[in-house]
Amino acid sequence: MLELYHNTMSSCAQKVRVALAEKCLEWKSHHLNLRTGDQQKPEYLELNPKGVVPTLIHGDLVIRESNVILEYLDDAFPDPPLRPADAFGKSQVRLWNQRLAEGHHDIGTATLSMGIAFRHQYLSKGETACLELIENVPDPIKRERRRDVIFNGIEAREFRVAVDMWISLLSDMEAVLSRHDWLAGGAYSITDTAYTPYLTRLDHLNVLDFIRDKPLISDWYKRIKARPSYTTGITNWLDPEYLSLMGDKGKEAWPKIEEMIKG
């Protein structure tokens, strides 16, 4: 039996749930509330010392890091395959997914999301509780980044960097989709799985105008949302309160973000 420690709105958890749906795999849910610090409790840190989600349990095995989990699922449950059969195709999958791991997730997406919307969840707890949650972040670099973006929002040091990262990523995605239907080739792969939550995050943050001049990405996103795995892995887990917060705060922030894009 597969077990997944996850969170409803976590981008990294979303991609794993989508992959599980693509593989038609059953799994046991362990939902963690990230705003109350479930991921920082000792029993979870024994499974995942970084205090992040998701974590996959397969029998006695513990698999961490969402992109690693995607590859593990494709190796452990090869039917249907979600990677190209050839070596070059597999290398393209790794390159795309590595881009997320090397900064786009932690800066491009997390900073954008926190700076626009999620900071308000922390601030609403009061300064003492907010600081306690920040201090419990195990990674010191992420901790200070979190502190800056929570208290400074879109004026945080790395917010403009996050916007620039999105501009670069979306330009590269549009270029690749001009050559083939999916990000890593002619067939849907775990790269498309991996990037699904990130376009979804722009959508939920009400800043999907990032792709208003990207018709190929728009078409890719429509095809992604039409897949049954999107409903199973993302739609069925959406939190209405999060959606309301993200949509409202994103609408407020978009004019300034648009200025950054144009500038």
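Laboratory data are not the source of any read-out in this text; all were calculated from the coordinates shown. Note that the coordinates shown come from a computational prediction; the quantities given were computed from them, not determined experimentally. Heads up, the Cβs are rebuilt from the backbone with ideal geometry, glycines too, and the neighbour counts pull from every protein chain shown.
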The chain - share of DSSP beta bridges that are antiparallel (%, nearest 5)
65
Straight-distance crosslink candidates among aspartates and glutamates, where the alpha carbon sits under 19 Å from K90 and sequence neighbours closer than 8 are dropped:
E22, E65, E71, D74, D75, D79, E102, D172, D181, D192
What FRET efficiency comes out for I141 versus T232 if R0 is 35 angstrom and r is the Cβ-Cβ distance? Round to the nearest 0.05.
0.55
Provide the net charge surrounding T111, with neighbours chosen by a C-beta distance below 15 Å and charges set as Lys +1, Arg +1, Asp -1, Glu -1.
+3
Residue by residue through the stretch 169-178, the couplings from Karplus 6.51 cos²θ - 1.76 cosθ + 1.60 with θ = phi - 60°, in Hz, x for Gly and Pro, are 4, 5, 5, 5, 5, 4, 5, 5, 6, 7
Charges at C-beta only: +1 for Lys and Arg, -1 for Asp and Glu. How large is the resulting dipole of the chain about its Cα centre, in Debye rounded to 20?
340
Which one, I257, L216, G186, is farthest towards the positive end of the dipole of the stretch 116-263 when Lys and Arg carry +1 and Asp and Glu -1 on their Cβ?
G186
Enumerate the lysines that K249 could reach by cross-link, defined here as Cα to Cα under 18 Å, with residues fewer than 8 away along the same chain left out.
K125
What number comes out for the charge environment of L177, summing +1 per Lys or Arg and -1 per Asp or Glu over other residues with Cβ under 13 Å away?
-1
